[in-house]
Every structure is written in C-alpha cells, then in structure tokens.
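First up is the structure itself, then whatever we jot down about it.
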Amino acid sequence: MTPDNSETSKKRITVNLENIDYQIIDALEGVIANSKAAVIYQMIKEWINQNSDRIMNTWEIDLAGIRRQVIAETKGLSIKKDLKDLDKEIINQLPELFETISSIKAIELAEILEINQKTLQRVIFGHRNELLKLGLNLKYEDGLITKKE
C-alpha cells in the first residue's frame, strides 16, 4: 500500500542561501563590527587567517611575499630591495638543505622555505651563478629539484 502523498509526505521548502547570509551578517553587526561592511571585512580576514595554507596551495598566492611587501611599504622600503633580501635568504638556506637530500619536489621545498613555488623557481632559475658559487648545482625537471654532483 502506498501512502497518500497529499497528506503524509513532507512539503519541500526552498530557501535562498543569500537570505541566510544577509541574516547572519545582520546578526553579527554590532557583535564583531559596527557596520555590515566591517562585518564582512572581519569575516574575510578571519577566513584568510584560518585558510592561509589552503590559499597558497589552491591559488599559488605567496602570502609570505605579500606580508613582506606590506611590511616593506609600511616602513617606506622598496619592494625590489625586499625581494632581493628574500632571494639572498633563500640562496643562503638552499646549500644547507641540500646537504641532507639529493632531490626534492619543488612544492615540498617551497613549503619548507615557507614561500610560493613560483618564488622558489624564480630564485633557482634567476640566481644560478650565485648558487654555483656556493657549490650548489641544481637541476629542475618535472617539478623535481635535483642536486647534481
């Protein structure tokens, strides 16, 4: 026997998620910030703080580089100088890291150095002579960085 659909079945209710979002923002206004715009800004800020690794991996955004850029601009320094300092820092760290390994995936090395993979590639490709002077001959192939003897 099949139950009568008109009386015993549940009615389907469709809710617009956008309305729920607005109600949440309204409820937070005055709690975490004093305006809707400030509530949204605060929510975005907290989301970025909680998801920084996900942001770096998903969209290849160099959060450490952005942080350095903002600090440099706040101090009135040139970002180019800051980038050169970052390059030097990475160049100085690489020989020590490659003392214990002969090869590593670029993405893993970028994570260890807490930089974006593109930043790592720029340093390795752009500063080959400096790395060779330090006795580090690196080869990059298919996402793998290998130390050549």
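Worth a mention:
- Residue count for region 77-98, restricted to those that are out of contact with any strand residue (DSSP E or B) (no Cβ under 9 Å at 6 or more places or on another chain) and modelled with pLDDT of 80 or more: 9
- Single match in I66, I55, I44 (criterion: loosely packed, with under 13 Cβ neighbours inside 10 Å, without any contact (Cβ under 8 Å) to a residue 60 or more places away in the chain and closer than 20 Å to T119 by Cβ): I66
- When the residues of region 101-131 are filtered to those that are of a type in the set (K, R) and modelled with pLDDT of 85 or more, the one that is nearest to A64 (Cα to Cα) is K105.
- Scan of region 93-115 for residues that are touching a Leu at 6+ places or on another chain (Cβ under 8 Å) and surrounded by fewer than 20 Cβ atoms within 10 Å (Cβ to Cβ), ordered by number: Q93, P95, L97, S103, I104, K105, A106, I112, L113
- Residues in region 100-120 that are part of a helix (DSSP H, G or I) and of a type in the set (K, R): K118 alone.
- Of the residues making up region 59-76, those that are of a type in the set (D, E, K, R) and at pLDDT below 70 are E73, K75.
The values are calculated or read from the model by the stated rules, or taken from the named source; none is laboratory data. Being a predicted model, the structure only gives us computed values, none of them experimental. Backbone-built Cβ (ideal geometry, glycine too); neighbour counts: all protein chains shown.
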